[in-house]
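K.L.:
The structure follows.
The values are calculated or read from the model by the stated rules, or taken from the named source; none is laboratory data. The structure displayed is predicted, hence computed values, not measured ones. For neighbour counting, all protein chains shown are included, and Cβ atoms are generated from backbone atoms with ideal geometry for every residue, glycine included.
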Amino acid sequence: MAKSKELETVTPTEKKQLANLEMNSFENYGSQMSRSAIVGRLLKFSKGDWLAGEDDEEIEPGTRFVVNMDQLAIGWVKWVANKPEQQIMGLLVEGHQPQKRESLGDHDETLWEVDQNGKARDPWQFTNYVIMKEPGADGSKDDNLYTFASSSKGGLNALGGLCKAYGKEMRTKPDQYPVVEIGVDSYNHPNRELGRIKVPTFKLVDWEAKDKFGVREQEAA
């Protein structure tokens, strides 16, 4: 069987380059998925309290954190039995575009788990993760790191507000990350029976050099 003239024109160097491109697509996807993992201690906002780690240590409002905006991951997490079963996340700084909810499947609401109020809960939750540390701490060590994770409206709005504030300054401070004070705000829920709803806040108060975050092993790999 005669060889294709098109294949004959591909040099060994070009074949190697094509192989590298194919491998890079797998590596990039794997890297994208792994970045969604919790790094250090989980920092969350629950019922008006800031809590960290497995023991839910209370973190006082006004505590400052440096936010690694280059590690802000956005996307979808699928929850089964109150545990994350699947994550499709990517970095905002790399232009990751989350999929549309309808492309993820699991549309039959009769198969959804129910929340504490007996309401069917979509297993796919749009989620943001971002890595943080205390000012001055060595960000190359996981022991000094926190991951703020949220799929709630309040948490997403807080990160959205921080992104707006950071976006206005990032061009003049390309080598710095924002330092924020965590806080608590509230609003009256349209359903009066629910009363006031507490939400997390991030107040941009300072800046810290990016190199103080260090180079973590999984980023350098």
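K.L.:
Take Tyr177 and decide whether it is farther than 26 Å from Asn82 by Cα, in contact with a Pro (Cβ under 7 Å, 6 or more places away or on another chain) and among the aromatic types (Phe, Trp, Tyr).
P.N.:
On the way: farther than 26 Å from Asn82 by Cα: yes; in contact with a Pro (Cβ under 7 Å, 6 or more places away or on another chain): no; among the aromatic types (Phe, Trp, Tyr): yes.
No; evaluated as a whole, the condition is false for this residue.
K.L.:
Would you point out the residue of region 138-157, among those that are hydrophobic (A, V, I, L, M, F, W, C) and touching a residue at least 60 places away in the same chain (Cβ under 8 Å), that is farthest from Lys78 (Cα to Cα)? Walk me through how you get there before you give the answer.
P.N.:
Of the residues in region 138-157, the ones hydrophobic (A, V, I, L, M, F, W, C) are 145, 148-149, 156.
Now drop any that are not touching a residue at least 60 places away in the same chain (Cβ under 8 Å), which leaves 145, 148-149.
Details: Leu145: 24, Phe148: 18, Ala149: 14 Å.
Per the stated criteria, the residue is Leu145.
K.L.:
Here are the criteria: (1) of a type in the set (D, E, K, R); (2) out of contact with any Pro (no Cβ under 7 Å at 6 or more places or on another chain); (3) part of a strand (DSSP E or B). Tell me which single one Glu208 does not satisfy.
P.N.:
Going through (1) of a type in the set (D, E, K, R); (2) out of contact with any Pro (no Cβ under 7 Å at 6 or more places or on another chain); (3) part of a strand (DSSP E or B) one by one, Glu208 breaks only (2).
K.L.:
If Arg171 satisfies all but one of (1) among the basic types (Lys, Arg); (2) at pLDDT 95 or above; (3) assigned to a loop (DSSP other than H, G, I, E, B), what's the number of the condition it fails?
P.N.:
Against the list (1) among the basic types (Lys, Arg); (2) at pLDDT 95 or above; (3) assigned to a loop (DSSP other than H, G, I, E, B), Arg171 comes up short only on (2).
K.L.:
Looking only at region 109-162, which residues are polar (S, T, N, Q) and farther than 21 Å from Pro98 by Cβ? Can you show your working first?
P.N.:
Taking region 109-162 and keeping what is polar (S, T, N, Q), we get 110, 116-117, 125, 127-128, 140, 144, 147, 150-152, 157.
Residues satisfying the conditions are Thr110, Gln116, Asn117, Ser140, Asn144.
Each row is one residue, and each column tells you yes or no for (1) at pLDDT 90 or above; (2) loosely packed, with under 15 Cβ neighbours inside 10 Å.
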| residue | (1), (2) |
| --- | --- |
| Glu113 | yes, yes |
| Gln116 | no, yes |
| Lys133 | yes, no |
| Gly136 | yes, yes |
| Phe148 | yes, no |
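K.L.:
Exactly one condition in (1) at pLDDT 90 or above; (2) more than 24 Å from Val180 (Cα to Cα); (3) among the acidic types (Asp, Glu); (4) surrounded by 10 or more Cβ atoms within 10 Å (Cβ to Cβ) is false for Glu102; which is it?
P.N.:
(4)
K.L.:
If the requirement is being out of contact with any Asp or Glu (no Cβ under 6 Å at 6 or more places or on another chain), aliphatic (A, V, I, L, M), assigned to a loop (DSSP other than H, G, I, E, B) and closer than 20 Å to Gly40 by Cβ, which of these qualifies: Ala158, Ala149, Ala137? Walk me through how you get there before you give the answer.
P.N.:
Details: Ala158 fails: assigned to a loop (DSSP other than H, G, I, E, B); Ala149 fails: assigned to a loop (DSSP other than H, G, I, E, B).
Exactly one of Ala158, Ala149, Ala137 is out of contact with any Asp or Glu (no Cβ under 6 Å at 6 or more places or on another chain), aliphatic (A, V, I, L, M), assigned to a loop (DSSP other than H, G, I, E, B) and closer than 20 Å to Gly40 by Cβ, namely Ala137.
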